[in-house]
Structure formats: structure tokens, C-alpha cells
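Coordinate-derived values only; no laboratory data. Everything numeric here is computed off the predicted structure, so don't read it as measured data. Cβ sites come from the backbone with ideal geometry, for glycine too, and all protein chains shown count toward neighbours.
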Amino acid sequence: MWDGVSNPVAVKNLRGMKPGDKLVIYETGDRKSAVGTASVVSVDASDPKNPAVEIKAGKPLAKPITLGEIKSKKLFAILHSFASAASPSFHSLKPNTNF
């Protein structure tokens, strides 16, 4: 469950998620890399400042993908915060996106 997020862009993106959306799980600890996939199970946006998103784990990536690699991939050109921010926010992937 994702909740307790305070970054305004991340909160907006969490509120906009829909069941079935595909996600990339990004580890912000020591690795700072995309490490796996998941999908949205449900979204409770009844508190617009603190939406809660239930996710279902997908598969681990064969190899973690660093933020630098993410920024250089055309796949992520649609994700503005990956290209413009120091650290990524929360985003769902477009349908039929293979990662």
C-alpha cells in the first residue's frame, strides 16, 4: 500500500492511478534503481491529500536500472519528472508498455 506521500506531483499521480495500471518499482535506498514491476489493485482517493494505492507485486527486473539509464531511455520520455527532477516520482506506465 502506498500512502503517506507528501510530494505534490507524486500525490497527483497516485490519485490518477487506476486499477490495472502497470508500475515500475524504484528503490530510493542505496541502489537508486528500478528493481521490479507491479500493478495497481485499488485506489482510495477519498482524502485528496493522502491517496492510498494498493499494489500487487509483479516481477523483479533481471538487472536493476539506474536513474541515469532511465533518463536516457526513450521509454521514459513521457515521464517528465524522470527527466527533470533529481529523483523520480510516482507514475504509471502507458498500456502495452514493455519494460
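What are the residues whose amide H is under 5 Å from the amide H of SER33, where those residues sit 5 or more places off or on another chain and H is modelled from the backbone?
GLU27
Kindly state, to the nearest 0.05, the FRET efficiency for THR28 paired with ASN50, given R0 = 22 Å and r defined as their beta-carbon distance.
Efficiency at R0 = 22 Å is approximately 0.70.
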